[in-house]
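The values are calculated or read from the model by the stated rules, or taken from the named source; none is laboratory data. The shown structure was predicted, so the numbers you read here are calculated from the model rather than taken from an experiment. Because the Cβ atoms are built from the backbone with ideal geometry, glycine has one as well, and the counts that use them run over all protein chains shown. Quick note on the areas: whole protein, heavy atoms, side chains included, nothing else; ligands and nucleic acids left out. Shrake-Rupley method; radii C 1.70, N 1.55, O 1.52, S 1.80 Å.
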Amino acid sequence: MLQKTHSFAGLLAAEGVVLYLQPSPVSWESAAALLIGCLAGPLADIDKQGSTMAKIFFPLSFLLHLGGIRHRTFTHSFLCLIGLGLLFTSLPPLLYWSFLLAYASHPLIDLLNEQGVELIWPLKLKFRLLPKFMAIGTGSMMETLFRYGLALLTLALPAYYVVHSLPTLPGVLR
Ligand SMILES: [Zn+2]
């Protein structure tokens, strides 16, 4: 998937965390969590030479390259996710879960691609959710549609929350 698709998935994951954990979702903390979501979504592609994430985190991506880490292996695995989970335990829960779930959204939606993901790296087993003929090709029209779907959800989720929380907000409809 393209970086912008992963950013929408990361944003959606962070929105879910914000709406679940934040008593007042409109705050600086929430904004920080959403920004983290947008950035953590595409982060796993740091393993892909030439990707924006590889350029931003150049020393780290170079080290991965030197270590022979191929695309959609270590950084897309449960092992990496657990490692990041242990590394960032000192973050406040809102930022921690926004980062972690946004990061996890990446290998999750890459499972819709036909190339598959080595989720249980270092075992070289590739996982894929869809049969090849239905899989979403990177940069394809299907991916564009999928991204529009994600974008709609990023609007629908807060809208749903607002509509359903209105009667409970103090001074509203009372
Ligand atoms: Zn990826």
Q: Please indicate, with yes or no, whether at least one residue in region 80-87 is more than 18 Å from residue 121 (Cβ to Cβ) and of a type in the set (A, V, I, L, M).
A: no
Q) Restricting the search to region 66-79, which residues are within 15 Å of the ligand (Cβ to nearest atom), open to solvent by 40 Å² or more (accessible area, probe 1.4 Å) and part of a helix (DSSP H, G or I)? A) 74, 78
Q | Condition broken by residue 26, with the remaining ones in (1) open to solvent by less than 90 Å² (accessible area, probe 1.4 Å); (2) assigned to a loop (DSSP other than H, G, I, E, B); (3) farther than 22 Å from residue 117 by Cβ satisfied | A | (1)
**Q.** Search result, residues across region 12-47 that are within 16 Å of the ligand (Cβ to nearest atom) and aliphatic (A, V, I, L, M)
**A.** 13, 39, 40, 43, 44, 46
Q: For region 108-125, state whether one or more residues are open to solvent by 50 Å² or more (accessible area, probe 1.4 Å), under 22 Å from residue 39 (Cβ atoms), β-branched (Val, Ile, Thr) and in contact (Cβ under 8 Å) with a residue 12 or more places away in the chain.
A: no
Q.
Quick check on this structure: which one of 129, 153, 86 is touching a Leu at 6+ places or on another chain (Cβ under 6 Å) and either more than 28 Å from residue 15 (Cβ to Cβ) or in a helix (DSSP H, G or I) (or both)?
A. 153
Q: Please indicate, with yes or no, whether at least one residue in region 144-155 is more than 16 Å from the ligand (Cβ to nearest atom) and among the small types (Gly, Ala, Ser).
A: yes
Q | Number of positions in region 29-63 that are part of a helix (DSSP H, G or I), among the hydroxyl-bearing types (Ser, Thr, Tyr) and open to solvent by less than 40 Å² (accessible area, probe 1.4 Å) | A | 2
